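*Asks:* Dropping the structure in here first, questions after.
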Amino acid sequence: MRLFRKHRDNRRLHMIGDEERKRYMRNRKRQDTSKKVFKGLLRPAIHLFSLSLNIVFLVMLLLSGLATQISPEVFVLPSYLSLAFSLLVIINILYVILWVIRLKVHFIYSLFVLILLSTNIQNNFPLHIFSSGNKEKVLEDKSGTDVTIMSFNVKLFDFYKKDQQGRNSTIDYILSKKADIVCIQEYGFYNDNSFLSKDEIDYFMRNEYPYQHTLYAMNSNKRSSYGIALYSKYPIVRKGEVKYGSKYNLTSISDIEINNNIIRVINCHLESNQFTGDDKKKMMETVKDADKGNVSETTGLVTKKLSKASKARAKQAEAISSTIQDTNIPVIVCGDFNDAPASYTYKKIRGDLGDAFTSTSSGLGITYNELPFWFRIDYILHSKTLIPYDFKIDKVELSDHYPISCKMHIPQAE
């Protein structure tokens, strides 16, 4: 195309007089100069804009990484950004690739922050490509005991639903998995003929699980309940509670005897963000159509609820962490933390414990399945003396959470 234009211009020059030819050449020279100036200004402007955006996303990633270290009660902004941690990591990786391709030294900035936050990245997106997920360690120890642990936020057993025989799909699912210990959050019953009652729950569960530890929230009564429950095939020798004064959220302590080993199982349900159906609808409308949704109103609503809940979870996490620190026997912590792995809540509770998912599995491990909050917020943490394997996230549509489970190898006590 460029050769064609040059040939056309040469033909035109031969067809006009000397004065016109000179005038044409001057105009042509001016146009070429303008194009060069424009290109000379545009390239640096695009480069500066890209670099500025990179710095913005880099600072956001750095702040989101600080969420694990700073309590929301002190500074709440990092806790908001921690929800976007995985996305910010991906954006900064793309910037590293961009600057490397363009042979610019700027790639060092994002690369440095990514290396700095490598532990957070591993917690959010573990990779075990060439690992069998602790199975070799388990096979080496023939003397220990293996138990299956399940944690499941059952959403009130799908709001107390039952069929004509009184059966509930969630209970049937739990029984079919034959886990040795089951930690349930949002446990509940409604003593009315049309809904699932406590007697019906007990009837179906007692044969498989003779031992139970249940705690009820402040708003529970004889007619209906809301709380947490732990079911065990092994004897519960001590029951307790981590008290933090929440109206709806609870944490139980169950010391369970498993073949002469005492294991402490802590079942948690931490403060919810309390987004209603209408709240989620507003958020989705704003995401899909910013002109239609009231961006300012929706942002204010979301940040207000996130701030309140994250500060409440920080206090609850500190109380649970204190209990773990005071425990001198192996610990398993199960439950719905209502917070992502990049959060202060997760870091505070985990402390020196292992995470069954990050040590055996790969990927994001999403456990909450309702838009727009696809996150890993359900966990099985454990003392380092215990060895997890076969971690599973079962993607069944029985609740707004997926059930999680793993096998836990308990070495024989000396």
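*Asks:* Those residues that are of a type in the set (V, I, T) and assigned to a helix (DSSP H, G or I), I need them from the range 98-121; list them, please. Please lay out each step first, then the result.
*Replies:* Of the range 98-121, the ones of a type in the set (V, I, T) are 100-101, 105, 108, 113, 115, 119, 121.
Once the filter is applied, which keeps residues that are of a type in the set (V, I, T) and assigned to a helix (DSSP H, G or I), the range 98-121 yields V100, I101, I108, V113, I115, T119, I121.
*Asks:* Something else about it: Is it true that I171 is closer than 21 Å to C334 by Cα and touching a residue at least 40 places away in the same chain (Cβ under 8 Å)?
*Replies:* In short, no.
*Asks:* Hey, another quick one. With the structure loaded, tell me whether V182 is farther than 22 Å from S399 by Cα, in contact (Cβ under 8 Å) with a residue 24 or more places away in the chain and either part of a strand (DSSP E or B) or not assigned by TED's automatic domain parsing to the domain that holds I393 (or both) or whether it fails that test.
*Replies:* Spelling it out, it is not the case that V182 is farther than 22 Å from S399 by Cα, in contact (Cβ under 8 Å) with a residue 24 or more places away in the chain and either part of a strand (DSSP E or B) or not assigned by TED's automatic domain parsing to the domain that holds I393 (or both).
*Asks:* Then there's this: Assess whether D278 counts as being in a strand (DSSP E or B) and surrounded by fewer than 19 Cβ atoms within 10 Å (Cβ to Cβ).
*Replies:* The answer is no for D278.
*Asks:* Yes or no: V396 surrounded by fewer than 20 Cβ atoms within 10 Å (Cβ to Cβ) and modelled with pLDDT of 95 or more?
*Replies:* Yes; evaluated as a whole, the condition is true for this residue.
*Asks:* Here's another thing I want to ask about it. Can you tell me how many residues within the range 66-79 are in a helix (DSSP H, G or I) and either without any contact (Cβ under 8 Å) to a residue 12 or more places away in the chain or surrounded by fewer than 18 Cβ atoms within 10 Å (Cβ to Cβ) (or both)?
*Replies:* Summing the residues that are in a helix (DSSP H, G or I) and either without any contact (Cβ under 8 Å) to a residue 12 or more places away in the chain or surrounded by fewer than 18 Cβ atoms within 10 Å (Cβ to Cβ) (or both) in the range 66-79 gives 1.
*Asks:* Next question, about the same structure. Pick out, from the range 332-414, the strands (runs of 3 or more DSSP E) lying fully within it that include 3 or more residues that are within 30 Å of V74 (Cα to Cα).
*Replies:* 378-382
*Asks:* May I pose another question? Identify the residue in the range 149-162 that is of a type outside the set (A, V, I, L, M) and not in a helix (DSSP H, G or I) and, among all such residues, is modelled with the lowest pLDDT.
*Replies:* K162
*Asks:* Across the range 321-343, what is the number of residues that are within 12 Å of I266 (Cβ to Cβ) and crowded, with 24+ Cβ neighbours inside 10 Å?
*Replies:* The number of residues fulfilling the criteria is 5.
*Asks:* Let me confirm something: among Y368, Y346, Y402, Y389, which residue is in the same structural domain as Y248 (by TED's automatic domain parsing), among the hydroxyl-bearing types (S, T, Y) and surrounded by 23 or more Cβ atoms within 10 Å (Cβ to Cβ)? Step through it out loud before you land on a result.
*Replies:* Numbers: Y368 fails: surrounded by 23 or more Cβ atoms within 10 Å (Cβ to Cβ); Y402 fails: surrounded by 23 or more Cβ atoms within 10 Å (Cβ to Cβ); Y389 fails: surrounded by 23 or more Cβ atoms within 10 Å (Cβ to Cβ).
Matching residue, one of Y368, Y346, Y402, Y389: Y346.
*Asks:* I've got another one for you. Could you check the range 163-179 and list, in sequence order, the residues that are within 31 Å of the chain's Cα centre (by Cα) and in a loop (DSSP other than H, G, I, E, B)? Before you say what the answer is, go through the steps one by one.
*Replies:* Residues of the range 163-179 that are within 31 Å of the chain's Cα centre (by Cα), as a first pass: 168-179.
If the condition is that a residue be within 31 Å of the chain's Cα centre (by Cα) and in a loop (DSSP other than H, G, I, E, B), then N168, K178, A179 are the ones that fit.
*Asks:* What's the total number of residues in the range 369-393 that are under 20 Å from Y187 (Cβ atoms) and modelled with pLDDT of 95 or more? Full working, then the answer.
*Replies:* Taking the range 369-393 as the starting set, the residues that turn out to be under 20 Å from Y187 (Cβ atoms) are 369-370, 377-380.
Cutting the leftovers down to modelled with pLDDT of 95 or more gives us 377-380.
Here the count works out to 4.
*Asks:* If you don't mind, there's one more thing I want to ask. Could you please let me know if F112 is modelled with pLDDT under 95 and not assigned by TED's automatic domain parsing to the domain that holds A340?
*Replies:* Criteria not met by F112.
*Asks:* Separate question: If a residue has to be small (G, A, S) and either in contact with a Gly (Cβ under 6 Å, 6 or more places away or on another chain) or crowded, with 22+ Cβ neighbours inside 10 Å (or both) to count, how many in the range 147-195 make the cut?
*Replies:* So the answer is 3.
*Asks:* Same structure again: Yes or no: the range 223-243 includes at least one residue that is closer than 24 Å to P78 by Cα and buried (at least 18 other Cβ atoms within 10 Å of the Cβ).
*Replies:* No: the range 223-243 contains no residue that is closer than 24 Å to P78 by Cα and buried (at least 18 other Cβ atoms within 10 Å of the Cβ).
So that you can scan it fast, the table gives a plain yes or no per residue for (1) out of contact with any Ser or Thr (no Cβ under 6 Å at 6 or more places or on another chain); (2) under 21 Å from V154 (Cβ atoms); (3) assigned to a loop (DSSP other than H, G, I, E, B); (4) not aromatic (F, W, Y):
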| site | (1), (2), (3), (4) |
| --- | --- |
| S252 | yes, yes, no, yes |
| D255 | yes, no, no, yes |
| V265 | no, yes, no, yes |
| S296 | yes, no, no, yes |
| N328 | yes, no, yes, yes |
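*Asks:* Continuing with this model, one more query. Pairs only if they're at least six apart or on different chains, beta carbon under 6 angstrom, first in the range 37-59 and within 16 Å of A84 (Cα to Cα), second at pLDDT below 90 and of a type in the set (V, I, T); list them, first residue then second.
*Replies:* Between residues of the range 37-59 that are within 16 Å of A84 (Cα to Cα) and residues that are at pLDDT below 90 and of a type in the set (V, I, T), there is no close pair.
The values are calculated or read from the model by the stated rules, or taken from the named source; none is laboratory data. Not measured: the values here are computed from a predicted model. Reconstructed Cβ throughout: ideal geometry from the backbone, glycine too, with neighbour counts over all protein chains shown.
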